[in-house]
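To start, the structure under review is shown below, and the notes come after it.
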Amino acid sequence: MNDILKSSQGLRTVIFDVSKIGDFLWKAGWAERNAGNITVRVDEFVDQEPRDLADYPLFTLNEFYPELNDAYFLVTGTGKRMRDLARDPLKNAALIKIISAGSEYRIICENQQGVCDFRPTSELPTHLAIHRLIAKRKSEEKIIIHTHPTELIAMTQIAELSDEHKFNSLLYGMHPETILVIPDGVGLVKYETPGTQHIALQTVDKFKDHAVVVWEKHGCFAIGRDLEETFDLIDVLVKSAKIFFQVKSAGYHPEGLRTEQLLDLKRAYGID
Ligand code: 13P
Ligand code: ZN
């Protein structure tokens, strides 16, 4: 694994950026214990196929991903901490290659004894389902970040905000930046057991129309072309949520931006 990474400047940059995002997520307070995971499609940077690919550990996927056959992903490991990813990305993330017409994958990793004890994030079904959607529609996103932003999760604990439209209206009303950065709003997925195919399907359905999807009482996923930009999507939403809770905790009811103000903003910045 290290050899492949060292051979490619592109992969070294991805590793560096992933570790930087791990640091941001930890410092933002969204990454308690092993919370959160990141995957990046990196085919374009793998310019040297691993030698003896067949020697690397092989795993069967629970679902078929034919559109992802031969794709390489950098994936964070299950149980790994974001703060450790920041310090030592090569011990907390690894490359996987999807093979066998999208039904299996190999983990390209080994420790000094030649053993690979790394396992990809438990949210791999959702990550792969989203990467498959991206491949099918041929859009340019490569990055998927899952994290646990406290204020967004807190909003999903408020029954009146369980409606997607109300949830988005509230976020838009708290800060003008929000509608400009996330013009399509966020998709809301009702609580489901994480790590399952079921939640993966619900999530991918929402990604057809949104760049950020919030999992009720759990966290959120965001997709993008660039790691920092993808982080920013979540950061902007969290800013709005924080303003909401600060006004509430000061004992006031937040006024929010008016519909005409939001429409003016969209017009001014050419968003339809
Ligand atoms: P992993 O440690 O398996 O990535 O899980 C973290 C998480 O946030 C699950 O939703
Ligand atoms: Zn999670």
Q) Got a sec? How would K142, K217 order by Cβ neighbour count within 10 Å, fewest to most? A) K217, K142
Q | q = 0.08, 0.14 Å⁻¹: log10 I(q)/I(0) that the Debye formula gives for segment 74-227, counting C-alpha atoms only | A | -0.26, -0.77
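If Lys and Arg each add +1 and Asp and Glu each add -1, what is the summed charge of the other residues whose beta carbon sits under 10 Å from the beta carbon of H148?
On the way: positive: R33; negative: E32.
Neighbour charge sum, excluding H148 itself: 0.
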Q | Label-point gap, in nm, between T259 and E140 - each point 7 angstrom along Cα→Cβ | A | 3.5
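Using a 10 Å cut-off on Cβ atoms, rank the peptides 175-185, 192-202 from the highest mean neighbour count down.
Per-residue Cβ counts within 10 Å, averaged per peptide and sorted highest first, yield 175-185, 192-202.
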Q) Hey, how many Å between the Cα centroid of segment 139-156 and the Cα centroid of segment 193-207? A) 13
Q.
Quick check: pseudo-label points 7 Å beyond the Cα along Cα→Cβ at Q113 and E229, how many nm apart are they?
A. 4.4
Q. Once every DSSP H run of n ≥ 4 in the chain is given -39500 (n - 2.57) and the sum is divided by its residues, what mean residue ellipticity at 222 nm do you get, rounded to the nearest 500 deg cm²/dmol?
A. -13000 deg cm²/dmol
Q: Please tell me which of these pairs span more than 18 angstrom C-alpha to C-alpha: K6/K138; K27/K239; K27/K206?
A: K6/K138; K27/K206
**Q.** Check: the chain dipole with +1 on Lys, Arg Cβ and -1 on Asp, Glu Cβ, in debye
**A.** 440
**Q.** Unit charges on C-beta of K, R, D, E only; dipole of segment 29-96, Debye
**A.** 600
(Q) Please list, in order, the residues from segment 245-272 whose amide nitrogen is less than 20 Å from a point placed 7 Å along the Cα→Cβ vector of L180. (A) 256-272
**Q.** Top positive-direction residue, dipole computed over segment 1-136 with Cβ charges, set I96, G79, S122
**A.** G79
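Every number here is computed from the coordinates shown, using simple stated rules; none is lab data. Keep in mind it's a predicted model, so treat the numbers as computed, not measured. Note that we place each Cβ from the backbone using ideal geometry, even for glycine, and neighbour counts take in every protein chain shown.
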